[in-house]
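Participant: After the structure tokens below, expect a handful of questions from me.
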Amino acid sequence: MEVRPPWPDHPFTRADLPGLRRCESDLRRAQRRGEIRAVVRGVFVSADVPDSIELRAAAVAGAARPQQVV
């Protein structure tokens, strides 16, 4: 059985999964188990990371496209 690293303590998206050595099914399973949570739509973080303004700002920055203004 392959040992996978823990979920990151910073915001990440589905596009980051290969770099985390994870796949889409790992993401769905972790959400069901409460291991990770969505900060904003499409941006996730480990469930034990406390919510903060800085966390939300980093999540929005990760979700926004370059041409978007937030």
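The values are calculated or read from the model by the stated rules, or taken from the named source; none is laboratory data. From a predicted model like this one, the values you see are computed outputs, not experimental measurements. Here the Cβ is made from the backbone with ideal geometry for all residues, glycine too, and neighbour counts use every protein chain on show. Surface areas here come from the heavy atoms of the whole protein model, side chains and all, with no ligands, DNA or RNA. Shrake-Rupley method; radii C 1.70, N 1.55, O 1.52, S 1.80 Å.
Participant: Return the residues of region 1-34 that are open to solvent by 70 Å² or more (accessible area, probe 1.4 Å), closer than 20 Å to Arg65 by Cβ and among the β-branched types (Val, Ile, Thr); say none if nothing qualifies.
Facilitator: none
Participant: Same structure, new question: Taking Ile53 as meeting all but one of (1) in contact with a helix residue (DSSP H, G or I) (Cβ under 6 Å, 6 or more places away or on another chain); (2) exposed (fewer than 10 other Cβ atoms within 10 Å of the Cβ), write down the number of the exception.
Facilitator: With (1) in contact with a helix residue (DSSP H, G or I) (Cβ under 6 Å, 6 or more places away or on another chain); (2) exposed (fewer than 10 other Cβ atoms within 10 Å of the Cβ) applied to Ile53, the lone miss is (1).
Participant: While we're here: Would you mind telling me which numbered condition in (1) open to solvent by 90 Å² or more (accessible area, probe 1.4 Å); (2) of a type in the set (A, V, I, L, M, F, W, C); (3) assigned to a helix (DSSP H, G or I) Val69 fails?
Facilitator: (3)
Participant: Does region 1-11 include one or more residues that are assigned to a loop (DSSP other than H, G, I, E, B), touching a Gly at 6+ places or on another chain (Cβ under 8 Å) and not aliphatic (A, V, I, L, M)?
Facilitator: Yes, region 1-11 contains a residue that is assigned to a loop (DSSP other than H, G, I, E, B), touching a Gly at 6+ places or on another chain (Cβ under 8 Å) and not aliphatic (A, V, I, L, M).
Participant: Looking at (1) without any contact (Cβ under 8 Å) to a residue 40 or more places away in the chain; (2) open to solvent by 40 Å² or more (accessible area, probe 1.4 Å); (3) assigned to a loop (DSSP other than H, G, I, E, B), which one does Arg37 not meet, given that it meets all the others?
Facilitator: That leaves (3) as the condition not met.
Participant: Failed condition for Val60, given (1) of a type in the set (A, V, I, L, M); (2) part of a helix (DSSP H, G or I); (3) out of contact with any strand residue (DSSP E or B) (no Cβ under 9 Å at 6 or more places or on another chain), with all others met?
Facilitator: Status for Val60: all satisfied but (3).
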